[in-house]
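Only one structure is covered here, and it is reproduced in the block below.
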Amino acid sequence: MMGGASEIRLRSALYSLLDSLRKPLTHRQSVLLVFCCTLIGAAAQIIMKIGANRLPHVSVGALMTNPQLILLNYHLMAGISLYGLFTVMLVLALRDGELSILYPVIALNYVWVTLLSLALFHETMNPFKAVGISVIVMGVVVLGRGGGAR
């Protein structure tokens, strides 16, 4: 059980954190938050892929009638939890940011997932993937540079 002074400090820190979330984000903070979301979203997808690889090869019906196969799969649950965090952070960023600037940044998920898939799952890169990734990155950069112009 916590003592009085440490409990007060914990509450104070928690209220301070929650109060900072109530303040409007700047344009830059919104973009940075969405950028962090892309990293979390990519991690969620990679972790869910690891969990999916560990599922037994059974029908969807078998998974539905035996939900503990999914619920006890720690990688799937961790990936889903990260997606929940991704969603909360994205909502906070979208609250104060420009959707037309922030939403394309989310496309960086494709970049991170592709790069992580190459490294972790030994997937292959072909010229089409390379061009697609390049187009995504260039699009995010162009939109980011033009975001302040009105």
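Annotations for the structure displayed:
- Near pairs, Cβ below 8 angstrom, 6+ apart or cross-chain, from segment 40-67 (of a type in the set (Val, Ile, Thr)) to any residue that is at pLDDT below 95 and not in a helix (DSSP H, G or I): 58/66
- Taking segment 47-150 as the region of interest, the helices (runs of 4 or more DSSP H) fully inside it that hold 2 or more residues being modelled with pLDDT under 90 are 60-65, 68-71, 74-96, 99-105, 127-146.
- Residues in segment 19-39 that are touching a residue at least 24 places away in the same chain (Cβ under 8 Å) and among the aliphatic types (A, V, I, L, M) were compared, and the one that is surrounded by the most Cβ atoms within 10 Å (Cβ to Cβ) is 34.
- Residue satisfying all of: in segment 1-38; at pLDDT below 70 and among the aliphatic types (A, V, I, L, M); nearest to the chain's Cα centre (by Cα) among these: 21
- Residue within segment 88-95 that is over 23 Å from residue 145 (Cβ atoms) and crowded, with 16+ Cβ neighbours inside 10 Å present: yes
The values are calculated or read from the model by the stated rules, or taken from the named source; none is laboratory data. Here the structure is a predicted model, which is why all the values come from computation and not from measurement. Cβ atoms come from the backbone with ideal geometry, glycine included; neighbour counts cover every protein chain shown.
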